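Report on the structure given below.
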């Protein structure tokens, strides 16, 4: 049974920008450890990215997904990056059916390409790009319970060797970096660590009430980058959370973390 992850995926195409890559050296090390930690090659990687939101849950079903360069102001060569992993259309169809069986709306999307919430961390994790990859959208409105229910629906995929990754950021306020980000990001990060370490019967209600956390709406004016956490948690709801990445002082003040959900 594979674990699930909520990862902070960093900023833009950072592995291809030397100054940014040095900023995210701890994140890079944590992502590179994931294949070693799970000790087996996944049958596929399912990424729920904070960069894809639809009115209903959409499942990438392309055999050879293209690329989406959803960032701005970076060097020209970062708009020519190709991550040539194959898609997973058969598992995508199964995923959509699992979601529908849970009473949630789902459709297949054979046109969607990899956004940087997927191809950036996967480039570090699986640089050979041989493992099949597909993505799953968030649903507009980002209802926490709806996304935890989504994770619950996806849980059977773990037994089939599918690695489920919620790819977002534990802090995502693009208007507040530098020293002003230090207090809110530290406080929210500590709240998140405390909540995820609590027993499951207390953890899920606390996550559902995330807006009551310290500086919640300062750290996440829009929760698109937090909602992948709800999915990763829902898919491993009764299992232990372990922090696998932690940084302080990013961009002059940001604290950020990533988590693995697994038994034991």
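Some values worked out for this structure:
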read-out: Any hit, segment 216-224, residues being closer than 30 Å to residue 93 by Cβ and in contact (Cβ under 8 Å) with a residue 12 or more places away in the chain; value: yes
read-out: Scope segment 254-264; condition in contact (Cβ under 8 Å) with a residue 60 or more places away in the chain and not in a strand (DSSP E or B); matching residues; value: 263
read-out: Search result, residues across segment 204-225 that are more than 19 Å from the chain's Cα centre (by Cα), farther than 16 Å from residue 180 by Cβ and crowded, with 16+ Cβ neighbours inside 10 Å; value: 206, 213
read-out: The lone exception for residue 19 - which of (1) in a loop (DSSP other than H, G, I, E, B); (2) out of contact with any helix residue (DSSP H, G or I) (no Cβ under 6 Å at 6 or more places or on another chain) it fails; value: (1)
read-out: Matching residues in segment 113-152 - criterion: being free of Cβ contacts under 8 Å to residues at least 60 places away in the same chain and either part of a helix (DSSP H, G or I) or at positive phi (or both); value: 119, 129, 141, 146
read-out: Subset of segment 29-53 (residues that are surrounded by fewer than 18 Cβ atoms within 10 Å (Cβ to Cβ) and either in a helix (DSSP H, G or I) or over 16 Å from the mean Cα position of the chain (by Cα) (or both)); value: 29, 32, 33, 35, 36, 37, 38, 39, 40, 41, 43
read-out: Flag if residue 251 is surrounded by fewer than 17 Cβ atoms within 10 Å (Cβ to Cβ) and touching a residue at least 12 places away in the same chain (Cβ under 8 Å); value: yes
read-out: Extreme residue, farthest from residue 16 (Cα to Cα), among residues of segment 64-88 that are outside any loop (DSSP other than H, G, I, E, B) and either in contact with a strand residue (DSSP E or B) (Cβ under 7 Å, 6 or more places away or on another chain) or free of Cβ contacts under 8 Å to residues at least 40 places away in the same chain (or both); value: 67
read-out: Condition check for residue 92: in a helix (DSSP H, G or I), more than 17 Å from the chain's Cα centre (by Cα) and either at pLDDT 95 or above or closer than 19 Å to residue 230 by Cβ (or both); value: yes
read-out: Residue match in segment 172-189 (condition: out of contact with any strand residue (DSSP E or B) (no Cβ under 7 Å at 6 or more places or on another chain), part of a helix (DSSP H, G or I) and closer than 22 Å to residue 53 by Cα); value: no
read-out: Neighbours by Cβ (under 9 Å, 6+ apart or cross-chain): first from segment 181-192, at negative phi and free of Cβ contacts under 8 Å to residues at least 24 places away in the same chain; second surrounded by 24 or more Cβ atoms within 10 Å (Cβ to Cβ) and part of a helix (DSSP H, G or I); value: none
read-out: Single residue of segment 95-112 satisfying the filter (touching a strand residue (DSSP E or B) at 6+ places or on another chain (Cβ under 7 Å) and assigned to a helix (DSSP H, G or I)) that is farthest from residue 68 (Cα to Cα); value: 100
read-out: Candidates 149, 77, 128, filtered to the one that is surrounded by fewer than 15 Cβ atoms within 10 Å (Cβ to Cβ) and either in contact with a helix residue (DSSP H, G or I) (Cβ under 9 Å, 6 or more places away or on another chain) or under 26 Å from residue 217 (Cβ atoms) (or both); value: 77
read-out: Considering residues of segment 160-178 that are modelled with pLDDT of 95 or more and surrounded by fewer than 17 Cβ atoms within 10 Å (Cβ to Cβ) only, the residue nearest to residue 243 (Cα to Cα); value: 161
read-out: Residue 117 being surrounded by fewer than 16 Cβ atoms within 10 Å (Cβ to Cβ) and either modelled with pLDDT of 95 or more or closer than 18 Å to residue 231 by Cα (or both); value: no
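The values are calculated or read from the model by the stated rules, or taken from the named source; none is laboratory data. Small disclaimer: the values here were computed from a predicted structure and weren't measured. Cβ: placed from backbone, ideal geometry, glycine included. Neighbour counts: every protein chain shown.
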